[in-house]
Structures are given as C-alpha cells and as structure tokens.
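What follows is calculated from the coordinates using simple rules that are stated; it is not laboratory data. Bear in mind the structure is a predicted one, so any value in this text is a computation, not a measurement. Methodologically, a virtual Cβ is constructed for each residue, glycine included, from the backbone with ideal geometry; neighbour enumeration extends over all protein chains shown.
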Amino acid sequence: MGNQDKLENKADEKVGEAKEALGNASGDDELKGEGKADQTKANLKQAGEKVKDAFR
C-alpha cells in the first residue's frame with residue numbers, strides 16, 4: 001500500500017472519530033452515525049490495501 005493511501009485512510013478514520021465524538025457531545029445521533037460510517041469505510045479500505053500488499 002502506498003504511503004499516500006495509508007495517510008488518506010488514517011485521516012478518514014480520524015475524521016470519523018472526531019465526528020462521532022462531536023455527535024456524542026452534542027447528542028446528534030446523525031453525526032455520530034456518520035462518524036462511525038466514516039471509520040468503517042476507512043478500516044475496510046485499509047484491509048483491502050493490506051490484502052493487495054500480501055499478494056505483491
């Protein structure tokens with residue numbers, strides 16, 4: 001996995017964590033859900049990239 005992809009995935013994960021925390025703090029369930037979805041998406045991308053790396 002390229003370094004750029006790793007950084008983008010990690011950034012997406014951190015944005016998701018921030019959204020979830022803000023949603024928790026403000027009681028905004030929609031924002032909290034978006035944060036969890038962003039984290040899940042980033043984690044799936046990271047897993048896919050790791051699989052690709054394993055076959056290189």
* To do: Neighbouring Cβ atoms within 10 Å as the yardstick, rank 22, 44 fewest first.
  => 44, 22
* **Lysine pair count for the chain [Cα-Cα under 12 Å; pairs on different chains or 8 or more apart]** => 8
* Nearest 10 degrees, 0 to 90: helix 3-26 Cα axis against the chain principal axis -> 10 degrees
* Using the Cβ atoms and a cut-off under 14 Å, what net charge is assigned to the surroundings of residue 41, where Lys and Arg are +1 and Asp and Glu are -1? -> -4
* **In degrees, nearest ten, helix 29-54 long axis to first principal axis of the chain (Cα)** => 10 degrees
* Using only helices, what value at 222 nm comes out for the chain when you add -39,500 (n - 2.57) per DSSP H run of length 4 or more and divide by the total residues, to the nearest 500 deg cm²/dmol? -> -31500 deg cm²/dmol
* **Correct choice for semi-axes √(5λ) of the Cα gyration tensor in Å that was computed from the model, options [x] 33, 21, 6; [y] 30, 8, 5; [z] 27, 10, 5** => [z]
